[in-house]
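Accompanying notes for the structure given below.
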Amino acid sequence: MKLPMGKVPAETLKKTVLRHLGVRNEEVILGPALGEDGSVVKVGDKVLISAMDPITGALERIGWLAVNINANDVATFGIRPSFFTSCILLPEESTEKTVQTICRQIDSAAKKLGIAVIGGHSEVTPELNRPVIVGCAMGVTEPGRYVTSGGSKPGDKLILTKSAGIEGTAILATDKYEELKGKVDESLLKSAMRFYDRISVVEEAVSASNVGGVTAMHDPTEGGVAGGIHELADASDVGVRILEKKIPVALETSEICRFFNIDPLQLIGSGALLISAWPGSSEKIVGELAKNNIRASIVGEFLEDRETRTLVRSDATVTDLVRPVCDHLWLALER
């Protein structure tokens, strides 16, 4: 079976990837699992949180994205990332200026988040048509002082910060600017390009965790908000009911998705954060985030039946929550 672009499907992960994990080690507290953003390993009297993600679909600000996307994954555990390392793969005909640009972007993003760059690798790789960066971020915390994607319980509320499709909006506005120019309002396009500045979720993840009552967190990367919700439910082995009218979609995202005929809920969504919380804490978390000028909405709740994954449309009709086969960024980039 030919695999779709983007993430390997969940069924393939279960059948193949998750069955080949090397030796068992008692220091591994959380290893590879569906819906989890990273791993937890005991190191002495501390625990190390680590996460790895590639940047493959972007051309502009790729180094900046590599740091932020991986830092986000560590932050979903409720802790600040401290370290970053990367593997930079460059297409043939790349120049020294390309390396300089990427490394300056990495440096700038890392300094803004208080992260040390501790190593990596870079090379020119045959048959690539664009740069690829595989990043890894790490953070250190105390045992038990973190959350995972797998902690949601039936009755917990689901909070979404910011809006759907943030990263995809920024990438398409930038990399497809010439195609969009004249078709989407120029002021909206310029605004959409600045969505890169919304991609970090470190502050909101740490802030929400500090309020208390957070049971799980996850950031919707490939597959967008819809995919991220499924991953969170998969990790926690629960169902979910989502209210479409509660999911914010920025006008910039809506217009760009309309042009490419793609779904904002299936567009890569780094910059938003999914937070599962006790019912009595959800409003407190939303209020605390608002104090920090971070918009957040309660968009649904978790259910006991893991097979029930529904979306209540704005017109009150109920459908299955789509599980993306392929992130809609790829559909737009292939046009």
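Results, tabulated for the structure shown:
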{"item": "Cα coordinate range in the range 26-141, projected on the principal axes (Å, largest first)", "result": "47, 28, 22"}
{"item": "For the range 249-335: rounded, prolate or oblate by the Cα gyration tensor [a/c cutoff 1.5]", "result": "oblate"}
{"item": "Within the chain, helix-based [θ] at 222 nm, where runs of 4 or more DSSP H residues each add -39,500 (n - 2.57), nearest 500", "result": "-10000 deg cm²/dmol"}
{"item": "Length released on extending from residue 203 to residue 43, taking residue separation times 0.36 nm less the Cα-Cα span", "result": "55.1 nm"}
{"item": "Restraint check, 190/245; 162/246; 157/284; 157/246; 7/245, Cα-Cα greater than 18 Å", "result": "190/245; 7/245"}
{"item": "Percentage, to the nearest whole number, of Cα pairs in the chain over 26 Å apart", "result": "47 percent"}
{"item": "Simple spin-label estimate for residue 26 and residue 123 in nanometres, 7 Å along Cα-Cβ", "result": "3.8 nm"}
{"item": "The range 157-333: radius of gyration over Cα atoms, expressed as a fraction of 2.2 N^0.38 Å", "result": "1.01"}
{"item": "Euclidean distance of C-alpha centroids, the range 82-141 and the range 142-204, integer Å", "result": "21 Å"}
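Read-outs: derived from the displayed coordinates by stated rules, not from any lab. This one's a predicted model, so the numbers in the text were calculated from it and none came from an experiment. Note that we place each Cβ from the backbone using ideal geometry, even for glycine, and neighbour counts take in every protein chain shown.
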